[in-house]
Every structure is written in structure tokens, then in C-alpha cells.
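The values are calculated or read from the model by the stated rules, or taken from the named source; none is laboratory data. For clarity, every value in this text was computed on a predicted model and none was experimentally measured. Cβ sites come from the backbone with ideal geometry, for glycine too, and all protein chains shown count toward neighbours.
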Ligand code: XMP
């Protein structure tokens, strides 16, 4: 059995981040509901317990409480924020109630490093978010660190290996936060740091098999990182019980459908059903030029086609999705924000309930970079694992205004040349996104001795960390020149190439 660190979830928005930080330390962690019995934790061989933060006050009537017996298991416990206050309350200290929460940065001063702050600086900038605070230490505890606002910001009972910290070590803004966690995991709990993504895969495979049994699973494959990794993982777990559906909406890039067929159908031997709905999409999009309307039509048509294809496949019990942890928070956090709608289109929202399908989301606890590592460990090629983002509505939002087969084909050819040059020069891997946009304006060009009026292609190449902000990439001039001359020479119907030099904000990455 893997050495397990139990993270008891008291409802903090950071619980998953704690689990992630533990994984970063190459230790296996599992999130448990806060009330999980001490017996269960013992039976599962837990070697340490982390009590997460949470939005409640320990004085609230319905404040989530752990099983008090966990303090008698003889395993180390680390209480973070609300977890610290719980320790104060349950282990006979005193906690004072506060009606307002204290947020933000503070300076932590360590008086005595102990094992938790071993080899760390004596003064650290840390991130706080708490209401109640401990005002009298529980029996057996000493205070080893304080902040301006809290005398008991870090407390320890070195004999029983109980630690409490007021700040959040898991958040990025807490200096040396991961080191504090690592000291707890390795220095206090004795964890071996031998857990890797391979173990995650083995563990997930067991979990998928148990959940799915002999049932049938379907998955909408887009070719993007998330659905690709989910497909490869689930396929490894249940083989032929998985069917993947790939919808060709006619808005894909050159060779995209063929690449999906080759990789998943031929290489992985996944039961892959490719549905060619390109004519239907184009028909529905005819004469539509408003970007939002285009998006809505594409989203609705996708769900329609997908649903129909599922009916023709026959009975299935599960719908698998490549939902990641940030998607989970996003859809909770932004409620009716349009971005959540984008996700729901992507994730075929509404379908599971209508079709009475259970959800299977094996990547739900992971962050994007972790998913990429899982993908690599499963043998997915670099081109898939590190693929640039591509919007669900595809080239539909990269041809400005109304769509036609001709415009899409011109864009496809131009974009292929751009990708080819980006790959050849290695720049593809350095930028956030690189793509072409079709502009439905005709400008004058000269071919041979003749003047002609042809379309304009814009190059959009950006650097970004998270797509919230972006800046245009300063590509070397010779590379831009090569891309431009290849597009104007090789793509009929294009006489001019322009470069988008706008940052986000005020512009967005996509043009529509
Ligand atoms: P913008 O254009 O808003 O794009 O700066 C930010 C990121 O989101 C991608 N994007 C989409 N992805 N469906 C998606 O799945 C969409 O409708 C969509 N619109 C934009 C865009 O490619 C960029 O990475």
C-alpha cells in the first residue's frame, strides 16, 4: 500500500492545492471528507493527516468537525488555518471568535524552527486568511512562530507530532510554503518521496475499473490535451469498454481529423467513431456573421450531433470527460459567466442528465501541467501533450464574418504553412498560440503582370501564461518573412499577410 497522507477537507478553496503540493513532494495524498472516521484512516494506512482550512468559524453551529479519535491514532497531524483552530478547540486550548476575516500578507517570525521549519529562514512572508484565532495553547503545545496579529501563528506538540499553522503554506504567495509542507511530510511523517505520475496512473486505473465494472463508457474526443489524456487513461483501464466519438465539424485544421484517426484508432486501437458533420455545421452557419451567434450555433450543433451519435452507438452508462480541477473551480466560481458556458459546450453540458449518464472524470483533481505529465507517461506524443490551445468553435471564429468552404480552405492552407514554419524553427513550443486569421477584405496584389484582388491573412502569435493577458511574440524577422512569402506564394486567393501586434488587453487573443 502506498504511504498515504490524508487531507481532511473542511471546505477550503485550497484543499486541492494542498493535495497538489503534496504530490509535488512526490508523496501520495488523498482528500477525505472532514468527518471520515479515524478507523477508516487507520485501515487505509495513513501516515499523516492534514486538516485543511475552511470558510467556517469553529464556533458556528454547523461547523464541520473531524472525528476526535484521529488525535489518538499516533500519526502526525498538521492543522492549517481552520485546521489549527480545530486543534485549539478540540485539544483543550482556547480560540477567540472573530466576526471578520483577516486576509493578506503577513510576516511570520520563527522563534524555534523545530522540525517544521528546519533549515528555513527565520522571517517569512506568508499569506493569511482567517477569522478565529487561538488565544490559549492546547496542552502539550508551544508556540514556535508568530505574526503581527497572532501570537500563536505556528504551534507544535513535538512529542505527539501535532502542528498547527495559521497561514496557508499551499498558496503560491507564502514564501517557502512548499518547504514547510515537505518538512511535515518527510521530516515529521517520514514519507519516502517515491510517488510519481506512474503511481497516479496505476491508482486511477484501479479506481476507473472499480467504478465502471463491466459498463460501457463514451467520451467526446476533441484532440485537445484534456480529452486525449482522459481517453488514453480510461482506455488503458477498460480497453474496449470505451468508445470515443470525434465530431468533424468542418472547422478543423488541415490534417487534424486524420491525425486523431491515426493516433487513437490505429496506434492506441481505441474504438473510435468519427462523425463527419461538416456539411451540417456549414449549412447551419450559412450567412451567419455575428461571432456570438456563430459560437452558439456551433455549440448547439455539436451537442445535437454528439447526442445523435451516442444513440447510434447503443447503450452506455458513463460519459467520460477530461475535466480538470481548474474547470471545476471555474464552473463553481463563475456561475453564469459566459466562460462557464464555453466549458459547458466543450464538456457537452446538460447531456449526462438528459441521457441518464453517470460522469467519469479521472483528471478532476489534477492541474494542467500534471495532466501533461500523465499524458507523457501514457505514451502520448509531444504534439498532443504540448499542443497549443485551440478553441472549441475552431476555425469558425478565425474566419471573420460569414463562413464558406472556400474561406475555410484558404485559412486551412495558410495556417498549415504557419504551423509548419513554427514547428521547423522550434518556435511552436515557445509561444502560447500561433495561428492565422482570415480577413474577408480584398486588397490589390500583382501576380505576374496582372493585378488581382485577393484576401488578407493575419498572423496572430502570442506569449501568455494563462490566456488572461497576452503579448504579441517578437518572432525573428527572417522567420516572419518566410511565413509571409510562403503564404502569398502557395495559397491561392491570398495577396497580403499582416501581423497582429496587439496585446491582451485591450485586444483578445482570438479575433472573434
Ligand atoms: P481570448 O480570445 O478570449 O482567448 O483572449 C483566450 C483563450 O481562450 C481560447 N478561446 C476559446 N476556447 N472555446 C474554447 O474552448 C471558445 O469559444 C474560445 N474562445 C477563445 C483562446 O484560443 C485562448 O487560448
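Residue 318 meets the conditions (1) surrounded by fewer than 17 Cβ atoms within 10 Å (Cβ to Cβ); (2) at pLDDT 95 or above; (3) touching a helix residue (DSSP H, G or I) at 6+ places or on another chain (Cβ under 9 Å) in every case but one. The failed one is (1). Among the numbered conditions (1) in contact with a helix residue (DSSP H, G or I) (Cβ under 7 Å, 6 or more places away or on another chain); (2) surrounded by fewer than 20 Cβ atoms within 10 Å (Cβ to Cβ), the only one that residue 37 does not meet is (1).
Got a sec? Which helices (runs of 4 or more DSSP H) wholly within the stretch 326-445 have at least 3 residues that are at pLDDT below 85, more than 16 Å from the ligand (Cβ to nearest atom) and out of contact with any helix residue (DSSP H, G or I) (no Cβ under 6 Å at 6 or more places or on another chain)? So that I can check it myself, show each step before the final result.
Working: elements: 338-346, 351-354, 368-377, 382-385, 405-425.
The helices (runs of 4 or more DSSP H) meeting that bar are 351-354.
Looking across the stretch 100-134, the residues that are farther than 13 Å from residue 169 by Cα, touching a helix residue (DSSP H, G or I) at 6+ places or on another chain (Cβ under 8 Å) and assigned to a strand (DSSP E or B) come down to 130, 133, 134. Selection of the stretch 446-465 for residues being surrounded by 12 or more Cβ atoms within 10 Å (Cβ to Cβ) and part of a strand (DSSP E or B) yields 447, 452, 454, 455, 456, 457, 458, 459, 460, 461, 462, 463.
Of the residues examined, residue 255 is not one that is modelled with pLDDT of 95 or more, on the phi > 0 side of the Ramachandran plot and touching a strand residue (DSSP E or B) at 6+ places or on another chain (Cβ under 9 Å). In a loop (DSSP other than H, G, I, E, B) and over 19 Å from residue 82 (Cα atoms) - does that describe any residue in the stretch 8-25? Yes, the stretch 8-25 has at least one match.
Kindly check whether there is at least one residue in the stretch 137-157 that is touching a helix residue (DSSP H, G or I) at 6+ places or on another chain (Cβ under 9 Å), in contact (Cβ under 8 Å) with a residue 60 or more places away in the chain and farther than 28 Å from residue 11 by Cβ. Checked against the condition, which is being touching a helix residue (DSSP H, G or I) at 6+ places or on another chain (Cβ under 9 Å), in contact (Cβ under 8 Å) with a residue 60 or more places away in the chain and farther than 28 Å from residue 11 by Cβ, the stretch 137-157 yields no hits at all. Here residue 163 clears all of (1) in a loop (DSSP other than H, G, I, E, B); (2) touching a helix residue (DSSP H, G or I) at 6+ places or on another chain (Cβ under 8 Å) except the condition numbered (1). Screening residue 108 with (1) at pLDDT 95 or above; (2) closer than 22 Å to residue 7 by Cα; (3) within 32 Å of the chain's Cα centre (by Cα) gives one miss only, at (2). Residues that are over 21 Å from residue 390 (Cβ atoms) and part of a loop (DSSP other than H, G, I, E, B) were ranked within the stretch 466-502; the one that is farthest from the ligand (Cβ to nearest atom) is 492.
Quick check: is even one residue across the stretch 411-433 touching a strand residue (DSSP E or B) at 6+ places or on another chain (Cβ under 9 Å), farther than 20 Å from residue 509 by Cβ and without any contact (Cβ under 8 Å) to a residue 60 or more places away in the chain? Within the stretch 411-433, none of the residues are touching a strand residue (DSSP E or B) at 6+ places or on another chain (Cβ under 9 Å), farther than 20 Å from residue 509 by Cβ and without any contact (Cβ under 8 Å) to a residue 60 or more places away in the chain.
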